[in-house]
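Here's the structure, in structure tokens; my notes come after.
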Amino acid sequence: MSDTFETSSPVIDVDPNSLASDAQKKAVVVDYSGYQTDASVEDEGEVDVIERDEVHLKIGSIESLPLKKFKNVLSLCLRQNNITSMRGLEDVQDKLEDLDLYDNRISHIDHLQHFTELTSLDVSFNKIRTIKHLSHLKKLVNLYLCQNKITEIQGLADLINLVNLELGANRIREIKNLDNLINLEQLWLGKNKITELKNLSALKNLKILSILSNRVTKLEGLEALENLEELYISHNGIEKIEGLDNNKNLRVIDISNNKISKLENLSQLENLEELWASNNQLDNFGDVQRELGKLSNMETVYFEGNPLQKNNTVTYRNKVKLSLGPSLKQIDATYIRT
């Protein structure tokens, strides 16, 4: 999540100890990164700002901040503090669009019922166990809930404008309750405890799916995702490449660190540009040529850590180049010299 809210208005950096003139007030960015909260701010009248940062200040309570002076703030960053509650945000609820509470000590999502303009919320790296009290955020586009203690996907049914949902590094065991998110384009579920790819068919607009570092053993359930462009499913227990016949818009596939012994069912993916397949059990250059040799957009392949690389250390790169077409630019971490 970006710390800076992009706006068409001009941005003016100011000394945190001296607020801008009246002529600048509607375009000012007040940045307190690395400073202690300055008491002089509390003495000023209401200030119309685009963005306010309070980073690394070890703030323990939002209520201790003079937010009533910044009622028209659009973006508020309070990341990496010691905040335990979202209470105290009421003074900026009317116009706030971007709220960043990354890396604090928050255990519950609450006190957001009147934030009707919010489009981006980041509460990653906190102590949240349950997704709730978000149904009224009708304009929410980006929701970041990474690295919490969430066990179940729930409470998102009303967020129909959501485009990006990040739930990585939690304790989720099942993909469910996503049917209403018809505008979702990015779904990040890496580092959970998911065992099965299912309940994704309603996500017709999904372009990026990440489910790396889970417990998935079969590549399935993606048939309806015809707009999918990037699939990240490394570090699972998958034994076979399958179920991708309808995903013809795929550009990037990462199946590294699985148990795949044969390269197959990829030749129909005409838009494929990158295949990451390191650390599997692939041993046949003929399969590489058959599946990838006619893909005219293929630029990058990773096969290191497979028998076809480990057993052919001298000839490996040349064999890969001969197996693939002229579009190839990179083998593993090394670019091809032209």
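Details
- The calculated Kirkwood hydrodynamic radius for segment 235-337 is 13.4 Å, given to one decimal from all distinct C-alpha pairs.
- For segment 188-240, alpha-carbon Rg over 2.2 N^0.38 Å: 1.05
- For segment 108-189, alpha-carbon Rg relative to the globular expectation (2.2 N^0.38 Å, N residues): 0.98
- Under the shape rule built on the C-alpha gyration tensor, where the axes satisfy a ≥ b ≥ c, segment 74-216 is oblate, since a/c reaches at least 1.5 while a/b does not exceed b/c.
- Among the listed pairs Lys191/Lys248; Lys176/Lys248; Lys132/Lys262, those with a Cα-Cα distance over 32 Å are Lys132/Lys262.
- Whole-angstrom gap from segment 106-182 to segment 282-333, using each part's C-alpha centre: 41
Read the figures in this text as sums done on the coordinates, not as results from a lab. This one's a predicted model, so the numbers in the text were calculated from it and none came from an experiment.
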